[in-house]
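Below is one structure, written out as structure tokens; comments come after it.
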Amino acid sequence: MVQIFEGTLDQGFFAPQRFECEIADCEVSGTIPADMDGVFMRVGGEFLYSPLLPNDAPLHSDGYISKFRFKGGRVSYQGKYVRTPRYEANLAAGRNLFGLYRNPFTDDPAAKGVNGTVSNTAPMVHAGKLFTLKEDALPIEIDPVTLDTIAFHDFGGGWKSETFTAHPKWDPLTGDMYAFGYEATGLASDDVFFYRVDRYGEVKHEIRIKQPYVSLIHDYALTQEHVIIPFACYYTDMEQLKAGKIHWQWDRTRPSMIGIMRRDGDGSDLRWFKGPERCFMHVFNAQSDGNKVTLLAPFYDGNFFPFFPNIDGSPWDPSRAKGFVRRYTFDLSSKDDSWREETLFDTPIVDLGKVDHRYTTLPQRYAFSTFADPTKPFDRERGGEVGRAPVNSYARFDLEDGVMKSFFAGETHSLQELTFVPRRGSSEEGDGYLIGTASNLAEMRTELIVVDARKLEEVARVYLPFRASTQVHGYWWNAEDLALGEREAGA
Ligand code: V55
Ligand code: FE
């Protein structure tokens with residue numbers, strides 16, 4: 001994610017290439033584990049046409065999905081734009097008709113009535129279907145073999161929110177998906193609809209709640225009993241949008257809030273806890289234990305995104321855009337509406353952290369993340385100038401013994417989000433692989449790294465002969481989750 005906020009999307013390694021491609025058998029070093037039969041799906045964005053307005057956010061780039069298919073010790077690659085209504089309208093016009101991030105009042109009149117979502121945030125697989133996600137719209141179904149765009153998806157009409165989060169969660173004990181949409185009834189609306197969708201894709205439960213103020217709810221956490229809904233300081237309303245501002249402004253006078261409610265209730269038990277300025281983006285995991293709820297999350301100290309301006313006009317402060325492995329504790333039996341925050345490791349991390357997803361909602365021992373290891377070298381002569389310390393390493397944090405293990409990816413590398421792949425046949429937490437793409441800034445190409453998740457040692461590397469499109473989120477699915485065996489045979 002580092003490239004997304006460093007504002008270099010139009011130049012150098014992250015300049016759009018606007019091409020789609022397929023490589024049948026990629027160059028590899030080391031040995032691709034034979035048990036890896038599945039896909040690493042990445043979603044990110046590349047502007048098909050340059051932004052219409054200069055202050056647009058990189059988060060507004062056109063959605064692009066790419067796939068590393070692992071099978072029989074080999075890896076193939078494919079990448080394609082998501083054919084959103086916006087993509088099609090822009091392509092027809094030959095230019096970008098859409099203005100600032102999630103502000104239709106800044107669009108060209110020719111964009112009127114066209115859904116402006118870019119679907120550039122995350123892939124999702126549920127009930128045997130593949131989707132791309134953006135939190136301002138419904139999921140878009142994608143053919144997992146060809147990566148062709150199919151259509152918006154509303155779960156047979158059961159999903160009533162106009163939007164769908166980029167961070168659904170799965171209960172590993174049931175396979176049920178729990179997800180929500182905010183601004184659920186339209187632009188700047190304070191409605192949040194929360195759903196349980198069973199593993200066949202049917203909506204089984206809905207909870208409707210109101211947000212105390214309209215704010216970005218990017219990720220959330222699920223426990224066996226509760227949902228945890230964090231938001232803070234990013235603010236929008238119709239006035240702000242009509243005045244031509246970008247969707248979010250950072251207003252630090254508004255409270256940081258974390259809502260907790262029963263996941264199977266009707267929302268009437270929802271409680272809002274309040275705390276000091278924090279920027280809530282991604283979470284690791286959470287658990288409920290009686291009246292005690294704990295949340296593991298790498299929340300930042302302040303505004304993370306320089307392109308969502310501080311409402312008070314103050315300049316963006318990079319020192320506050322720092323995240324750590326943190327534990328938040330809530331006492332549901334207390335009348336006190338504050339939380340306890342502990343910083344468990346003093347190493348600053350990139351907030352795109354992961355746990356072994358088979359332990360989502362359950363007590364887990366390990367947390368994984370990328371980070372910038374300042375003790376490791378960067379070859380500036382070959383890698384070029386990188387503004388701040390490059391994200392060069394993977395970390396495994398052991399919450400039981402407090403030990404951090406790390407893996408260094410290379411002297412000219414900048415890493416994107418990692419993902420955990422369980423070893424087939426093993427259910428032991430953390431037994432598997434850490435995989436993720438690395439930008440090799442010297443070679444101007446993307447590499448996919450496969451690391452043993454317990455030893456933190458490299459087992460293989462896949463080399464693309466070009467710079468892959470930027471990634472926001474990437475996840476692994478086994479071939480059978482998408483029935484790839486049958487689908488590829490029939491393709
Ligand atoms: C995030 C990402 C987004 C977005 C809102 O990482 C928040 C947080 C890639 O798009 O639209
Ligand atoms: Fe995210």
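What trypsin sites (Lys or Arg not before Pro) does the range 412-459 have in DSSP loop regions with at most 11 other beta carbons within 10 Å?
Sites meeting the loop and neighbour criteria: Lys455.
Which is farthest toward the positive dipole end of the range 212-295 among Pro212, Phe231, Ile246, measuring Cα position about the Cα centre, with Cβ charges +1 (Lys, Arg) and -1 (Asp, Glu)?
Ile246
Considering only the other residues whose Cβ falls under 12 Å of the Cβ of Asp143, what net charge follows from Lys and Arg at +1 and Asp and Glu at -1?
+2
Find how many whole Å separate the alpha carbon centroid of the range 342-357 from the alpha carbon centroid of the range 72-106.
31 Å
Using a cut-off of 13 Å between beta-carbons, work out the net charge of the residues near Asp312 (Lys and Arg +1, Asp and Glu -1, Asp312 not included).
For residues surrounding Asp312, the net value is -1.
Could you compute how fast the chain diffuses translationally, taking Rh as the Kirkwood radius over C-alpha pairs and applying Stokes-Einstein at 10 °C with viscosity 1.306 mPa s? Give it in µm² per second.
Roughly 70 µm²/s, to the nearest whole number.
Suppose every Lys and Arg Cβ carries +1 and every Asp and Glu Cβ carries -1, with no other charges. What dipole size does the chain come out with about its Cα centre, to the nearest 20 debye?
In total the dipole reaches around 200 debye.
Summing +1 for each Lys or Arg and -1 for each Asp or Glu, what net charge is found among the other residues whose Cβ lies under 11 Å from the Cβ of Leu415?
Once all neighbours under 11 Å are counted, the net charge is -3.
What longest region of the chain stays clear of GluC sites (Glu not before Pro) that DSSP places outside H, G, I, E and B and that have at most 10 other Cβ atoms within 10 Å?
Value returned for the longest uninterrupted segment is 1-384.
With respect to the cross-link table entries Lys80/Lys376; Lys112/Lys354; Lys67/Lys169; Lys204/Lys335, which display a Cα-Cα separation exceeding 30 Å?
Lys80/Lys376; Lys112/Lys354; Lys204/Lys335
Quick note: the coordinates plus some simple rules give every number you see, no bench work behind them. No experiment lies behind these values; they were computed from the predicted model shown. Cβ coordinates were reconstructed from backbone atoms using ideal geometry, including for glycine residues, and neighbour counts include every protein chain displayed.
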